[in-house]
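Any read-out appearing in this document is the output of simple, stated calculations on the displayed coordinates, not a laboratory observation. None of these values were measured; they are calculated from a predicted model. When we count neighbours, we look across all protein chains shown, and the Cβ atoms used for this are built from the backbone with ideal geometry, even at glycine.
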Amino acid sequence: MDLSFTETQTMMRDTATRFFETELPKARVREIDDSDTGFSSEIWQKISDLGWTGMVIPEQYGGAGNNFTDLGCVTEIMGYHACSIPLWDSCVLSAHIILEGGSEEQKQSYLPGIARGQQIFTLAFTEPEYGWSAKSVKLEATKSGDNYVLNGTKLFVPWAHVADQILVVARTSQAEEGISVFVVDKGAKGVTTRLQSGWLGDKVCEVTLDNVEVPASSAIGAIDGAWGSIEAARDKTVSVLNTYMAGGAQKAYEMCRDYSTERIAFGVPIGTFQRVQDHIIVALTEAEASKWTAYEALWRLDSGRDDASTGISMAKAVASEGFPKACDASHNVHAGIGVDLDFGLTHYTVRSRTFQHYLGDAIYHRARMAKLMSVSN
Amino acid sequence: MDLSFTETQTMMRDTATRFFETELPKARVREIDDSDTGFSSEIWQKISDLGWTGMVIPEQYGGAGNNFTDLGCVTEIMGYHACSIPLWDSCVLSAHIILEGGSEEQKQSYLPGIARGQQIFTLAFTEPEYGWSAKSVKLEATKSGDNYVLNGTKLFVPWAHVADQILVVARTSQAEEGISVFVVDKGAKGVTTRLQSGWLGDKVCEVTLDNVEVPASSAIGAIDGAWGSIEAARDKTVSVLNTYMAGGAQKAYEMCRDYSTERIAFGVPIGTFQRVQDHIIVALTEAEASKWTAYEALWRLDSGRDDASTGISMAKAVASEGFPKACDASHNVHAGIGVDLDFGLTHYTVRSRTFQHYLGDAIYHRARMAKLMSVSN
Amino acid sequence: MDFSLPYTAEQEKFRTEVREWLEGNIPAEMRNPVDMRDFSKEQYLFWREKHRELAQKGWLYPTFPKEYGGGGLTGDHETIIEEEFHRAGALRGLTNGVVYPALFVWATEEQKQKFLVPLVTGEKIAWQKFTEPHSGADLADYQSKAVQDGDDWILNGSSVYVSGRPRPEWNVPGPDYLFGPMLTDPDAPRHRNLGFFMIPNPTEGLDIQEQELLNGHDQHAIFLDNVRVSNDHLIGGDHQGWQVANSSLEVEHGGGGKAFPADEVIENLIDYSKENKNDEGFIGDDPVLQQVAMTAILDSHVDGLMARRTYWMYQNKMGIQYEGNMANVHNRESQLRNVARIRDVYGPNSLLGTQEPRAPHGGAQEVEQREKAGQRHAGGSTNIAKVILSRRIGISRTQERAAPTPSNTGKA
Amino acid sequence: MDFSLPYTAEQEKFRTEVREWLEGNIPAEMRNPVDMRDFSKEQYLFWREKHRELAQKGWLYPTFPKEYGGGGLTGDHETIIEEEFHRAGALRGLTNGVVYPALFVWATEEQKQKFLVPLVTGEKIAWQKFTEPHSGADLADYQSKAVQDGDDWILNGSSVYVSGRPRPEWNVPGPDYLFGPMLTDPDAPRHRNLGFFMIPNPTEGLDIQEQELLNGHDQHAIFLDNVRVSNDHLIGGDHQGWQVANSSLEVEHGGGGKAFPADEVIENLIDYSKENKNDEGFIGDDPVLQQVAMTAILDSHVDGLMARRTYWMYQNKMGIQYEGNMANVHNRESQLRNVARIRDVYGPNSLLGTQEPRAPHGGAQEVEQREKAGQRHAGGSTNIAKVILSRRIGISRTQERAAPTPSNTGKA
């Protein structure tokens, strides 16, 4: 048992901390969030230059071949600084669907661009009848000669508005897992993306496919056989998203801890009131629970244990409830100032809500745990 | 809107309070609980003499014809004093199954004895695959000439060891609601009752029926058609059990409230610590929630509203979680002394656990609510 | 017991009258938007005018005495008005209602004519100033000062989270009064060092600025820079501001109850569960989400019962001890529990805003999500609400009875 | 990071050795009963003897230094021993282990030979006395007094909830020592007014009585009536008892962690859900109960990770700040959440006792239900645990670092 970070990991964490402290102060987070795209190509470029976009892509495809714990160390710091980028969508989820199921040609063609941050991919999965199971995929792909024609609507597709390519998940047969993935050029005829509005952390889009015709060769992996790749890639993505959420929870905790020592009421710092302490303890508990379940799952994944998927679902279930709870607890300590848009706490609150559901909420992952642990049939 | 008790109700509550303060101090509760039967025939006799056993039985069958709110007023005080008796099992549940489904002859024959407390009935419903739905009834009743032969095991049957008659719920057809109720004499051949042991509030029994033969005329209501009577009678029983649970929660609240003003720590009464206050507020909240949902449901029932069943399920769901929570909160305030068997708090804790499940737990009643409110199909 | 809402024949007739009036007099575009951030200048001006008309009908403040411009009607009438206004999306009053208990209980007859009547008749509107940038609900370190100067007082200080409309950027007249405590005697002991003032606006030295908050833009920072008001703007004695403010807080903290505790958020939740699907089918049929939805309904139902109980006690002038505070604490906490449940049931659809075509209920749940992150602290934090509740149930160092209100003092 | 438990080849060999020894030396009837209320006199006498033997093998206190009678083995060995003893239902030690940090850190070499070694070798056993009938975990109003009389101290007072075996009614020798603080200087300031004593038993004036509690009968009231002990029974200075006691509490409050955080209650829950039915079918297939069960597993899993993290820090002599207290608070609270979940999943079967043929897991859940109503307060209440955690994260009036332990002082 050794629960410390490796030297390399510590170095990467330090680099990330320094980077975000300089490049992403809270005023900048708000500025980016409030911009039309919610995306800073400048920060994306710098992150790519630092090599973080290629971390979990193998060296032969232009990546650095780090393990997931390494990347998790960096995404934790990203979460702590409320950095919103398409890193998990493009460089983990899309990249690993291609790695899992793609042909050598597809890997050669797509991965180096993704690894360098020059090509942004995203996955279009969820639909109006929202969910993350195989059966939730209803968007139709019909064969037409050597092509497939895609029709339907995808919702909550992260960063589709700044993506170059969209991996569209479509139903190609009626079997529950009869699912295929197609690479669709964002500029292709019949593709419309529209930013969805609301209280959303990462920017998400409605993607409409109106008779979009793609060659059969654009399918990643076998027709009807993509579910396995999607699930494997999703596990990997969730494994690093978990530390992102833990990092956000940690910041929400630290904000209320620090505020409680500064803010005076009834002549004493409010942190001396037990009721305030209890809120802070909730935030700490959720941050710690999210962090340790996340890293334990990463260890399971990187050491090839067969209970890795269970661990990843466990950690996501914890973080999906823990990150929002930590933010709520922090708001309880901050009272009015906490909802001031310049103060910075709301940057975390809004992200906690978005990531709660993304790639499956706590209820979904608990049910998945039960299946993986053979508690249910 | 008038949320006050009627004059008669206030009088009955006062009578009940005086009665239990004299007859059932906490040492006596423990003494009865620790006795072999857990039953005091002396207290039962006095309660019968006060007329409480006949309250919700119509006058023509020897009862007093009160409404359920009237009885609820008394059972609230019973709960407050941790009085354990077969009142709801015999005088409400069994009596109303007979009233709902029984023949005039059966009513004439059974109800006056029940109303006077001279005959104790109980309902044998739950089985090894525990539950309160119609489909949970699997005990077989097979027709044999003019008789039915009963075979099977009933569990958690309250007070069967002191009952005279047992209403046995049995499956007589394969349709989900193909259920019948038979009056079985406790002394009949093939009937065995055995007290179940454990941390149980009311005394409950395993009742084994081994080729018990009863005449077809012992069925209450139509063969295959008893489910409606059972559900109606159960609603009425739950409606008064809810105030019993609210009364217990109220006592658990008052105990910790009072203790918090007496017990000194760090030089001050512990009630001045916010963390202790928060436990007390939980107990108060649960007691109040249980009480008001219970009385609102009783009002719906007594005023013949068609949403009465929904209200009763709502109140049971609240009390099933609220009574145990109020006791837990009270334990949190009392620390060590709370688990001293003489102190009295554990009388409530154990009852809160037993009644949590009896006649359906919170999960069951929430699902029932959803059905009654047409949220689910 | 009788939990029924007032539905006698006479009352149903009144209901019809109110409903028809609203239908005939409130154009669709003047009804409350889903997100009150979208409440417009035109709507504001419409309602300023309309409230005067409503006051004349006795419907703006139905239960207030006629001699002060109220409707002289019963609590049951008020309940019906509340229900029908809610149903129609009609705006009830632009004055922060917590001013009324303070004025009814503490103002002199002359002050009632001067301040109370114009508010009740809808001629004028008033906002509450209470929280300072560096002082919370305790007022222990209150710094907004009032210094006597002849027959006048000179006011200095600042407040934040002062709620109300209109928005400063509309360039229409702002509130006519700001009301709240000021430090009159820094040397006096706590709770004896404040006076309660009606501060007229506009006045030289008084500045109002909008705050940028997650939950909307109806909250303001105000700045008092040598604002001069005459002595008749002081309500109660110059050392009784705490007591006067408490008559307001008593009602703000749930002490008045609510006969018609509408919970649209939960009504929406039920409808949504019945009619919408996720990937498993109808949400209402999903055993897990069904439990979540029912738990939300139960919390809301208990909340309504507690509010109704307080209302019944208040209307019947019964001695309220802890009941209003209990309802207040439950209301704050159950709403927070329920916003989390809403996210479970709706998934990310709960976060879609009013501009989004697919937003459930026109974006109402997104508004709820944002508001509950912020409004949990309106009228003081839940922490403070629990401090007060603890006093009222007798377990705190400080024992405390309910502050004087129109109900328990028999005034109004 | 590496979260794996020690399973090297050498360690697996050691595991086999331990397992085989337990199989060969512990008869079935000597293993722990499901309900420790059923732990018998015969079992007690057996284990008193067996612990001496285990100490000689180095397995009773594997990581303690050999010179004090310990095993001189690694933490990994201890983990294996813990796992195997747990698996076999074998009893580990009859002395309350919180005495060891106090003795290792504070006792003189002479005292270590006199008190520590006989406990470590299983020759003697000791119970902790701490809570007074009218004083909680704070010790602020502590009344058990020690008065100096020449080279001796005269002790008077009483304690409750003193845990340990044997039962007085067995008429076998009781514990050899009671240890804990006594008020040595009523005039000294708080935390400077106590001495920490090893009180030998039997001694004239010392009386032990069993308490009748919901959670069992291994707790006692003790009475000290002019008990005379010589000065060498005082551990640390006569004004340092608070500090000495804190070395114990540091470990009792989670500061030592746990490498093998077994949670049999939850393991049982999983098995039960897979194998048993309610009226809806297999419990594990019920979507609602499945969520409840998984939530219980998650709480338990987080608990284990927190305990393991502290263990790792403790074993590696890293500076523990708040981590042990965080684990302690989580452990208390998650167990309480889980007992409620158990009742949801098992229904009333969770309340069936060990005598009941149909009781799941031989009645283990009923024991859990009763114990968690009581043992939530063992080692001080959760309220106090949160007070300490708040100090450790730096938000309380009192800032506090971890008390000296064998880990952070490098002793043992």
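Could you please rank A:39, B:5, placing first whichever residue has the fewest other Cβ atoms within 10 Å of its Cβ? Mind dumping the intermediate values first?
Numbers: A:39 19, B:5 16.
Ranked by crowding around the Cβ, least crowded first: B:5, A:39.
Mind jotting down the three principal axis lengths of the range C:163-217 based on Cα atoms? Whole angstrom, largest first.
41, 28, 14
Just want the ordering: C:129, C:66, A:291, A:186, from fewest to most Cβ atoms lying within 10 Å of their own Cβ.
Numbers: C:129 30, C:66 10, A:291 25, A:186 18.
With the sparsest Cβ surroundings first, the list reads C:66, A:186, A:291, C:129.
Restricted to Cα positions, what overall size does the range A:7-115 have along the principal axes? Three whole-Å values, descending.
44, 38, 18
Can you give me the Kirkwood hydrodynamic radius for the protein assembly as shown, using every pair of distinct Cα atoms, in Å to one decimal?
Hydrodynamic radius (Kirkwood, Cα only) of the protein assembly as shown equals 35.8 Å.
Looking at chain B as a GNM with Cα springs under 10 Å, which of B:273, B:121, B:68 has the largest mean-square fluctuation?
B:273
Going by amide H atoms built from the backbone, whose H comes under 5 Å of the H on residue C:178, apart from near neighbours?
Amide H to amide H, under 5 Å and 5 or more residues apart or across chains, residue C:178 pairs with C:127, C:199, C:201.
Towards the positive end of the charge dipole of the range D:103-248, with charges on Cβ (+1 Lys, Arg; -1 Asp, Glu), say which of D:195, D:103, D:168 has the farthest Cα.
D:103
Averaging sequence separations of C-alpha pairs under 8 Å and six or more residues apart, then dividing by the length of the range B:145-259, give the relative contact order as a whole percent. List each step's numbers first, then the result.
Details: 173 pairs, mean separation 35.5, N = 115.
In percent, rounded to a whole number, it is 31.
Charges only on Cβ, +1 for Lys and Arg, -1 for Asp and Glu: so what's the dipole of the protein assembly as shown about the Cα centre, in debye to the nearest 20?
Once rounded to the nearest 20, the dipole reads 820 debye.
To confirm my reading of the symmetry, which residue of chain A has the Cβ nearest the axis that brings A onto B, and what whole-Å distance does it have?
Taking Cβ atoms only, the nearest residue and its distance are A:274, 2.
So for the range D:181-318, averaging the separation of alpha carbon pairs under 8 Å that are six or more residues apart and normalising by length, what relative contact order in percent results? Mind showing how you got there, number by number?
On the way: 165 pairs, mean separation 30.5, N = 138.
Averaging sequence separation for qualifying contacts and normalising by length gives 22 percent for the range D:181-318.
Based on the alpha carbon coordinates of the range C:33-123, what radius of gyration and maximum Cα-Cα distance (Dmax) apply, in Å?
When restricted to Cα atoms, the range C:33-123 yields Rg and Dmax of 13.7, 41 Å.
Along Cα→Cβ at 7 Å, what distances in nm separate the residue A:133 label point from those on the other copies, shortest first?
Computed spacing set for this position: 1.7 nm.
Can you tell me, using C-alpha contacts under 8 Å and at least 6 residues apart, the relative contact order of the range B:228-376 as a whole percent? Walk me through the numbers on the way to the answer.
Values: 208 pairs, mean separation 43.2, N = 149.
It rounds to 29 percent for the range B:228-376.
So how long is each side of the range A:228-376 along the principal axes, counting just the alpha-carbon atoms, biggest first, in Å?
58, 27, 26
So what's the back-of-envelope 222 nm ellipticity for chain B, counting only DSSP H runs of four-plus at -39500 (n - 2.57) apiece and dividing by all residues, rounded to 500? Intermediate results must be reported in sequence, preceding the final value.
Details: 11 runs with 183 residues, N = 377.
When only DSSP H runs of four or more count, the value is -16000 deg cm²/dmol.
Below 11 angstrom from the Cβ of residue A:236, what's the summed charge of the other residues (Lys, Arg +1; Asp, Glu -1)?
Numbers: positive: A:234; negative: A:100, A:231, A:235, A:302.
So the surrounding residues net to -3.
For residue C:109 and residue A:192, what does the FRET efficiency come to when R0 = 56 Å and r is the distance between their Cβ atoms, rounded to the nearest 0.05?
Efficiency, from the Cβ-Cβ distance: 0.25.
Listing A:253, B:130 from the residue with the fewest other Cβ atoms within 10 Å to the one with the most, what is the order?
Working: A:253 26, B:130 21.
Ordered from fewest to most neighbouring Cβ atoms within 10 Å, A:253, B:130 come out as B:130, A:253.
Provide an ascending nm list, one decimal, of label-point separations from residue C:150 to the equivalent residue in each further copy; define each label point as 7 Å from Cα along Cα→Cβ.
Result, one decimal in nm: 8.9.
Counting Lys and Arg as +1 and Asp and Glu as -1, what is the net charge of the other residues whose Cβ lies under 10 Å from the Cβ of residue A:99?
+1
Determine the calculated [θ] at 222 nm for chain C from helices alone, applying -39500 (n - 2.57) to every DSSP H run no shorter than 4 residues and normalising by the residue count; nearest 500 deg cm²/dmol.
-12500 deg cm²/dmol
Of D:171, D:349, D:193, which has the largest mean-square fluctuation in a 10 Å C-alpha GNM of chain D?
D:171
Compute the semi-axes of the equivalent ellipsoid of the range C:256-409, taking the square root of 5 times each eigenvalue of the Cα gyration tensor, and list them largest first in whole Å. Let's see the in-between values first.
Details: eigenvalues 241, 47, 39 Å².
Working from the Cα gyration tensor, I get semi-axes of 35, 15, 14 Å.
Residues with beta-carbon under 13 Å from that of residue D:226, excluding residue D:226: net charge, scoring Lys, Arg +1 and Asp, Glu -1? Don't skip to the answer; put the middle values down first.
Values: positive: D:145, D:228; negative: D:149, D:152, D:204, D:207, D:225.
Residues near residue D:226 contribute -3 overall.
Taking the label point 7 Å from Cα in the Cβ direction, how far apart in nm is residue B:22 from each other copy of itself, listed shortest first?
8.7
Given the rotation relating D and C, tell me which residue in D puts its Cβ closest to the axis and the distance in Å.
Residue nearest the D-to-C axis, with distance in whole Å: D:287, 2.
Given chain B, report the % of alpha carbon pairs whose separation exceeds 33 Å. If you can, show how the numbers build up before the last one.
Details: 20182 of 70876 pairs.
Counting pairs separated by more than 33 Å, the tail of P(r) holds 28 percent.
Roughly what angle does helix B:68-80 make with the longest principal axis of chain B, taking Cα atoms, 0 to 90 degrees, to the nearest 10?
For helix B:68-80, the angle is close to 50 degrees.
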